[in-house]
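Everything on this sheet refers to the single structure shown next.
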Amino acid sequence: NHGVGVLTSGGDSQGMNAAVRAIVRETLRQGHRCYLIREGYTGLITGNIEQANWNHVANVTHLGGSMIGTSRCDEFRTSDGRKKAAKVMFEKRIFYLIVIGGDGSLMGAQKLKEEWGRFGEELFAEGKITEEVANEGRELHLAGIVGSIDNDCIESDKSIGSDTALHRICEAIDGLVMTAQSHQRVFVVEVMGRHCGYLALTAAIAVEADYVFYPEIPPDDNWPEQLCNLLDSVRKFGKRQNVIILGEGVTNSKGVKIGGKQVKEEIETRLQLEVRIATLGHLQRGGSPTFLDRLLGLRMGYEAVQEVLKNSEDGGSPVIGQKTISKVMCLRGHNIERIELSRVIRQSETANEETIHRNSD
Ligand code: F6P
């Protein structure tokens, strides 16, 4: 009987609850213990952990947010913080961990895995754990699930929550279009996504936006002129409203952030048009998950349990002395593939660096 812990970390995303449900129920079905680690890594450090039963995860798939709480935990970024977390895990005999979160959260998990053996030895030497527990927990079995509205994991076609966030964005813009039309206004709609333009770009296509700014391709220096020429020409064809989508993290060629206010001012000074800004903010992370995010959460949760428990028979590595390799559940087409955690992290780091670097060149 093994202890499997689950936590959500970083920004919440719709569909996380479905993943937690599948993890709890599949772990219990296989006859193991399951633990809900509350408030992300903070709960792992402070021991805010509850053993789950079957009913804990009844009626949760339709709920947005994370039912077990999440956080961005600074202490877990330090080795001391991670050692505290390891101590809690040894005490509760939780040697199987499933982390649901974005790239930063998965990176934290990878660090914990790298230091795990050393932490075990130290805790034993300090008399904080018995030899039996130290032996039982000689390996941390880890699996990741990408939960983030940003859909910024290169290895996965879809992260849990991005479909719902797009749905929210489309709904919001559908709601703005008629008022924009009535007043013949331009709306600059600011959307989330951090360094990734997925939400901005795909929403722009779906709502027939006139213009989109997204971080991967910074606009030319003469964007105000290009944008205003375009708006001018579509207005001449009789269009009564315009939607411009502005992704988070968009910068100009000098690396300076382009904000909604600047876009508004450029349009208002060049064209005789009224402009309003709509910042969708955390509404994008709100509300019920779509069918797709529910199903994705459930599938990924189920797969993560299979992955993490696959060597549980002997409690260790397939080959003695060889470390298990942690995997992240990634959607490829219609299939969920288990991709090496270190690869997922490396790819994310490179992509973020490339975007930041390109935008400040
Ligand atoms: O990573 C998800 C995300 O919603 C980003 O799109 C956004 O930049 C960030 O989180 C906002 O974070 P917070 O909720 O901490 O303000």
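The table for this structure:
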read-out: Strands (runs of 3 or more DSSP E) enclosed by the range 1-76 - at least 1 residues per element that are modelled with pLDDT of 95 or more and within 16 Å of the ligand (Cβ to nearest atom); value: 3-9
read-out: SER182 vs. criteria more than 16 Å from the ligand (Cβ to nearest atom), hydroxyl-bearing (Ser, Thr, Tyr) and either at pLDDT below 95 or assigned to a helix (DSSP H, G or I) (or both); value: yes
read-out: Filtered residues of the range 261-278 (kept if open to solvent by 90 Å² or more (accessible area, probe 1.4 Å) and either polar (S, T, N, Q) or within 16 Å of the ligand (Cβ to nearest atom) (or both)); value: THR269, GLN272
read-out: Within the range 145-171, considering residues that are open to solvent by 50 Å² or more (accessible area, probe 1.4 Å) and within 16 Å of the ligand (Cβ to nearest atom), the one farthest from GLN262 (Cα to Cα); value: ILE154
read-out: Lone qualifier among LEU296, LEU227, LEU246 - being under 34 Å from the mean Cα position of the chain (by Cα), under 30 Å from ASN17 (Cβ atoms) and not aromatic (Phe, Trp, Tyr); value: LEU296
read-out: Residue selected from the range 172-209 under the condition loosely packed, with under 14 Cβ neighbours inside 10 Å and charged (D, E, K, R), by the criterion nearest to SER13 (Cα to Cα); value: ASP174
read-out: Flag for LYS257 being in contact with a strand residue (DSSP E or B) (Cβ under 6 Å, 6 or more places away or on another chain), open to solvent by 70 Å² or more (accessible area, probe 1.4 Å) and without any contact (Cβ under 8 Å) to a residue 60 or more places away in the chain; value: yes
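The values are calculated or read from the model by the stated rules, or taken from the named source; none is laboratory data. Treat the numbers as computed from the prediction; the structure is a model and nothing was measured. Please note: Cβ atoms are built from the backbone with ideal geometry, for glycine as well, and neighbour counts cover all protein chains shown. What goes into the accessible areas is simple: the full protein's heavy atoms, side chains included, and nothing from ligands, DNA or RNA. Shrake-Rupley method; radii C 1.70, N 1.55, O 1.52, S 1.80 Å.
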